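See structure below.
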Amino acid sequence: MNAQRTIFGMMLFFAVSSLAEQAKTDYDRSTDFRQYKTYSWEGVQTRDPLFVDRIKAAVNANLQTKGWRLLETGGDVAVMAMETTKDHQTLNTFYDGFGGGWRWRGFGGFGESTTTVDTYKVGTLVVDFFDAHTKKLIWRGSASDTLASSSDKNIKTLDKEVHKMFGHFPPGKKN
């Protein structure tokens with residue numbers, strides 16, 4: 001019975017992890033992204049100041065592979081990023097047998113069950129691009145994933161999710 005609980009717990013963990021992991025993008029369909037070649041950072045909001053440079057590095061690496069150039073100020077595009085963290089909960093119920101099995105006319109029963117609550121953190125990063133001249137939002141990317149207790153794992157997750165976010169950037173370009 002303990003092996004079944006362990007297997008079920010692992011399956012549930014991976015199911016919850018895969019549900020939390022997602023990257024999405026949206027953009028202004030009237031914007032011609034070919035006109036943009038440079039960008040500047042306007043700000044990064046995060047609860048952990050150590051992640052400011054990590055977020056910038058992950059975004060910079062992806063934009064530079066797309067041919068965009070970082071300027072200290074005055075880029076064609078102003079980039080802003082915001083990171084949030086929320087607690088999520090999952091209820092896990094385990095049943096200890098079925099009280100002798102199914103029987104007609106109400107005999108037997110469902111046995112006992114145990115429900116536990118697992119709390120985990122999900123981090124979300126939102127990256128916004130504004131046309132620096134019109135101040136209009138032209139692109140938004142967001143990525144969410146379950147956070148680990150290890151900062152090394154979270155840095156790897158950040159890099160992976162930002163890479164997914166920029167997978168089809170710039171919009172309209174055929175990859």
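The values are calculated or read from the model by the stated rules, or taken from the named source; none is laboratory data. As the structure is a computational prediction, the values presented were derived from the model and not from experiment. Positions of Cβ are generated from backbone atoms using ideal geometry, with glycine treated the same way; all protein chains shown enter the neighbour counts. SASA here: full protein model, heavy atoms, side chains in, ligands and nucleic acids out. Shrake-Rupley method; radii C 1.70, N 1.55, O 1.52, S 1.80 Å.
Considering only region 66-82, how many residues are open to solvent by 30 Å² or more (accessible area, probe 1.4 Å) and touching a residue at least 40 places away in the same chain (Cβ under 8 Å)?
Counting residues in region 66-82 that are open to solvent by 30 Å² or more (accessible area, probe 1.4 Å) and touching a residue at least 40 places away in the same chain (Cβ under 8 Å) gives 5.
Could you tell me which of the residues Val122, Val127 is out of contact with any Pro (no Cβ under 8 Å at 6 or more places or on another chain), modelled with pLDDT of 95 or more and either part of a strand (DSSP E or B) or surrounded by fewer than 17 Cβ atoms within 10 Å (Cβ to Cβ) (or both)?
Unique residue meeting the criteria: Val127.
Let me spell it out: the conditions are (1) assigned to a strand (DSSP E or B); (2) free of Cβ contacts under 8 Å to residues at least 24 places away in the same chain, and Ala148 meets all of them except one. Which number is the exception?
(1)
Are any residues in region 135-160 surrounded by 19 or more Cβ atoms within 10 Å (Cβ to Cβ) and farther than 16 Å from Lys121 by Cα, and if so, which ones?
Answer for region 135-160, where residues must be surrounded by 19 or more Cβ atoms within 10 Å (Cβ to Cβ) and farther than 16 Å from Lys121 by Cα: Ile138, Trp139, Gly141.
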